[in-house]
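Note sheet for the following structure.
The values are calculated or read from the model by the stated rules, or taken from the named source; none is laboratory data. Because the structure is a prediction, the values reported are computed rather than measured. Here the Cβ positions follow ideal geometry from the backbone for every residue, glycine too, while neighbour counts run over all protein chains shown.
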Amino acid sequence: MEFKKATRKKVKLKLNLSSPSGAGKTMSALLLAKGLVGSWDKIGVIDTENESASLYSHLGEFQTLSLTPPFSPERYIEAISAAEKAGFECIILDSSSHEWSGEGGCIEINEKLAQLKYKGNSWSAWNETTPRHDKFVNKILQTNIHVITCTRSKTETVMGEGKKVHKVGMKDIQREGWEYELSLSLNIDRETHLASPSKDRTGLFEGKDAFIITEETGSLIRDWCEKGIEVDNRSEVSESQFQKLIDKIKSGAIDVIRTAKIHFKLTEEQINTLQDWEDQQNAK
């Protein structure tokens with residue numbers, strides 16, 4: 001065992017936007033993502049809201065993946081993996097609430113397990129459901145791309161000044177403590193559309209006035225993410241592993257080239273070899 005001096009490393013943003021329906025989570029997430037990565041074609045949206053993200057296609061040429069039920073943790077993980085393979089620099093999960101309370105989500109999974117295996121004992125069933133949810137959370141935290149998650153919050157009606165009725169967001173529709181898993185969590189007010197932090201490891205927003213999320217917000221966070229030491233988490237590739245990649249490409253699986261570049265430290269010669277094989281397959 002050896003202690004080392006703590007150093008600030010470059011990070012990939014893991015951020016949550018929370019609000020009641022209608023507060024502008026999707027628009028805010030898209031603008032923030034644009035400021036974060038600088039180009040719309042680097043943004044992918046995993047859309048569980050009946051393709052509602054496409055309503056904002058006028059903003060730019062981002063891409064969407066429509067995720068339909070069942071909203072199991074495994075389906076979300078599969079969608080995130082697809083975004084990694086596609087080479088996006090930022091993905092938006094709109095919304096992560098379905099993984100918890102949607103059709104085929106964790107609550108429904110647990111209820112079915114309780115009935116089928118645990119004689120109605122839902123507490124025992126969580127011994128199986130919780131690890132599945134944890135794998136979803138870990139996928140978000142460990143992926144080497146920026147992730148913005150949107151969660152709905154339960155709405156409560158309150159009486160304000162002049163007896164005016166307001167709808168405010170209360171608890172996130174996700175597992176307890178969801179916002180604390182991430183580096184930054186912002187709550188958006190439904191009526192003013194102003195954002196304020198509930199958790200802020202960046203130190204950019206804590207103690208500051210509430211604000212409207214814009215591209216400039218993403219640019220500000222990008223600067224915070226990039227202040228540090230570059231860390232290369234790619235693994236070495238052995239000769240046998242590289243040959244397996246070539247064999248897959250020969251069989252027509254060209255998409256493994258992009259995956260290899262993301263996950264492996266390749267030499268210039270290996271990259272050129274993969275490119276040659278890709279050119280041959282495309283020429284067929």
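Annotations
- On inspection, residue 192 does not qualify as closer than 16 Å to residue 27 by Cα, in the same structural domain as residue 34 (by TED's automatic domain parsing), outside any strand (DSSP E or B) and at pLDDT 95 or above.
- Test result for residue 67, within 26 Å of residue 189 (Cα to Cα) and either over 14 Å from the mean Cα position of the chain (by Cα) or surrounded by 15 or more Cβ atoms within 10 Å (Cβ to Cβ) (or both): no
- Of all the listed residues (76, 56), the sole one being in the same structural domain as residue 32 (by TED's automatic domain parsing) and farther than 30 Å from residue 235 by Cβ is 56.
- Taken together, the residues in region 92-124 that are surrounded by fewer than 18 Cβ atoms within 10 Å (Cβ to Cβ) and either in contact (Cβ under 8 Å) with a residue 40 or more places away in the chain or assigned to a helix (DSSP H, G or I) (or both) amount to 10.
- For region 195-233, filtered to residues that are among the aliphatic types (A, V, I, L, M) and in a helix (DSSP H, G or I), the residue that is farthest from the chain's Cα centre (by Cα) is 220.
- Selection within region 125-181 - buried (at least 19 other Cβ atoms within 10 Å of the Cβ), assigned to a strand (DSSP E or B) and modelled with pLDDT under 90: 153, 169, 172
- Here region 195-210 is the region considered, the condition is being over 26 Å from residue 106 (Cβ atoms) and of a type in the set (Ser, Thr, Tyr), and the residue that is modelled with the lowest pLDDT is 202.
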